[in-house]
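The values are calculated or read from the model by the stated rules, or taken from the named source; none is laboratory data. Only a predicted model underlies this, so the values are computations on that prediction, with no experimental measurement involved. All Cβ positions, even for glycine, are placed from backbone atoms using ideal geometry, and neighbour counts span all protein chains on display. The area values use the complete protein model at the heavy-atom level, side chains included, leaving out ligands, DNA and RNA. Shrake-Rupley method; radii C 1.70, N 1.55, O 1.52, S 1.80 Å.
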Amino acid sequence: MTSLLKQIFKYVRFYGGRYRCIICNRPLRTFFPFSKELQTEARENGFLYDFRRMETLNWSQCNCPFCMSIDRERFYYLYLLNYFKQSAPKNHRILDFAPSHMFSEKLRKTPSVLYTSADLFRTDMDLQIDLCDMRQVPLASYDVVICSHILEHVDKPDRALSEIFRIMKYDAIAIIMVPLFWDVKETVEEAGADSEELRYKFYGQADHVRLFSKSDFIARLHNAGFLVSQVTPNKLDNKMVRENAISENSILYVCSKIN
């Protein structure tokens, strides 16, 4: 099937309906479910946990079929719009680690935002930096930092949190997120998980190096010096939450510096 035919098929199948993706602004009949391929790969390699019991994931209504934004990104953007409205008028300097293309472009085009993308390996980012060692970024540089599903990839998550704390202004916030499964009671970190198969088994994904428990994740945030707010969808516009298929199990971990 040619690219044009695929696009026509996608519009016929998905365009128009009760949903509206806030990232690409298209009305939708439905969203794509969470990746069946990833779930199958994890299960076949012995992963113990059910993705349907994962926090901040709408398992059945996950990705926009047009821009492929994931539900947590739509939640972030809804929260940030609300945050900008309540903040004093200014240009918000945002540093966003390893963002998806469409989410990055949406923030870049948002009024009163000075946006910077960052990643250690990707060459399509504004900055190529190591989250665990950002010595080239001055102290207290950013108003908003977004670190979404990164800490499960890095060798030194506590060092990364310390660096995020350092580069934040004193009235700044950071959205810091990791995959959290309700049934994980203690953080899983296996020294011998040195193959894709073993990382699927212990962490549920081939490029992860740990699986956080919620209690350990929050403790690490506090230990880094953050005041942590757990923001749920009922704090935002209910209509937009429904239109973007943000599930009730969603929680944003919004971190600020303790004065």
Output for the stretch 179-194, where each listed residue is open to solvent by less than 80 Å² (accessible area, probe 1.4 Å), closer than 23 Å to ALA98 by Cβ and touching a Lys or Arg at 6+ places or on another chain (Cβ under 9 Å)
LEU180, PHE181, VAL184, THR187, VAL188, ALA193
Of all helices (runs of 4 or more DSSP H) completely enclosed by the stretch 1-112, which ones contain at least 3 residues that are touching a strand residue (DSSP E or B) at 6+ places or on another chain (Cβ under 6 Å)?
101-108
Regarding the stretch 131-142, can at least one residue be identified that is crowded, with 22+ Cβ neighbours inside 10 Å and more than 20 Å from ARG72 (Cα to Cα)?
yes
Among the residues of the stretch 200-217, count how many are of a type in the set (A, V, I, L, M) and open to solvent by 10 Å² or more (accessible area, probe 1.4 Å).
2
Of (1) open to solvent by 40 Å² or more (accessible area, probe 1.4 Å); (2) closer than 27 Å to THR116 by Cβ; (3) at pLDDT 95 or above; (4) more than 16 Å from the chain's Cα centre (by Cα), TYR170 satisfies all except one. Which?
(3)
Can you name the number of the only condition in (1) within 28 Å of ILE129 (Cα to Cα); (2) among the β-branched types (Val, Ile, Thr); (3) open to solvent by less than 10 Å² (accessible area, probe 1.4 Å) that VAL228 fails?
(3)
For residues in the stretch 72-130 being under 19 Å from GLU243 (Cβ atoms) and polar (S, T, N, Q), which is most open to solvent (accessible area, probe 1.4 Å)?
ASN82
Is it fair to say ARG220 is surrounded by fewer than 14 Cβ atoms within 10 Å (Cβ to Cβ) and at pLDDT 95 or above?
no
